[in-house]
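Asker: Right, I'll just put the structure down here and ask away after.
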Amino acid sequence: MVKKRRRRLPADLLVMVIISELFAMGFSCAEIFNISTERIVDRRTASIAQLSVSDLYDPSDSVDAGVKAYEEWWEEEHRWKGPVLSAGRGVNYGPSGKETYYNLDMSVIVNIMRGMGNTDEYWVREDGCKMLGDYIMVAANLDLHPRGSIVETSLGEGIVCDTGGFAQNNPTQIDIATTW
């Protein structure tokens, strides 16, 4: 069996790139020292096993870890930190303005979304929010937020699937589909 050889950076350059990436992600010097020490130990292990260090490490692992750390940071940084709509609250002022909730059979609305090409699964989240894929189903003024557009709510990102009479009197209101 012929092993494919991938083009790799020299090990020392790779270590420098990883250390600079770790500093950029906010790792402490102690963590970087531990990682460097592990690499020295692995170099010794590699030489004993007559392998190259690059056979032990895949540089894409470091990149994947950096991407994951950035995505987690971004999620936390952009998460709504104010009051959240609930059955007891009834009305909330969230990231997109006034929020209310409604509980209706969503089969017709899901069929409308299917007709538009959305194939995401319909399900109900633990807290009672009706979901279409990763998004909470919401009703909004379709002139401001066309069907399928994504809006921020206090409960997470919502997908506009419906509208209602409220849109006449309060065009910026969001009505969140729940089981409450």
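Asker: What do you get for GluC sites (Glu not before Pro) in segment 114-162 restricted to DSSP loop and a cutoff of at most 16 other Cβ within 10 Å of the site's Cβ?
Answerer: Here the GluC sites (Glu not before Pro) that fit, given the DSSP loop and packing criteria, are Glu121, Glu126.
Asker: Let me ask you something else. Using 0.36 nm times the number of residues separating Ser86 and Asn169, minus their current alpha carbon distance, what extension gain do you get?
Answerer: Additional length available on full extension: 27.7 nm.
Asker: Residue by residue through segment 91-98, which ³J(HN,Hα) values in whole Hz follow from phi under the Karplus form 6.51 cos²θ - 1.76 cosθ + 1.60 (θ = phi - 60°), with glycine and proline marked x?
Answerer: Here the 3J(HN,Hα) series is 10, 9, 10, x, x, 10, x, 5 Hz.
Asker: What list do you get for Asp61, Asp175, Asp127 if you sort them by fewest beta carbons within 10 Å?
Answerer: Least to most surrounded, the residues fall as Asp61, Asp127, Asp175.
Since every read-out is calculated from the coordinates, none of them should be taken as a lab result. Since the structure is predicted, the reported quantities are computational estimates derived from the model, not experimental observations. Using ideal geometry, Cβ is built from the backbone for each residue, glycine included, and neighbour counts are taken over all protein chains shown.
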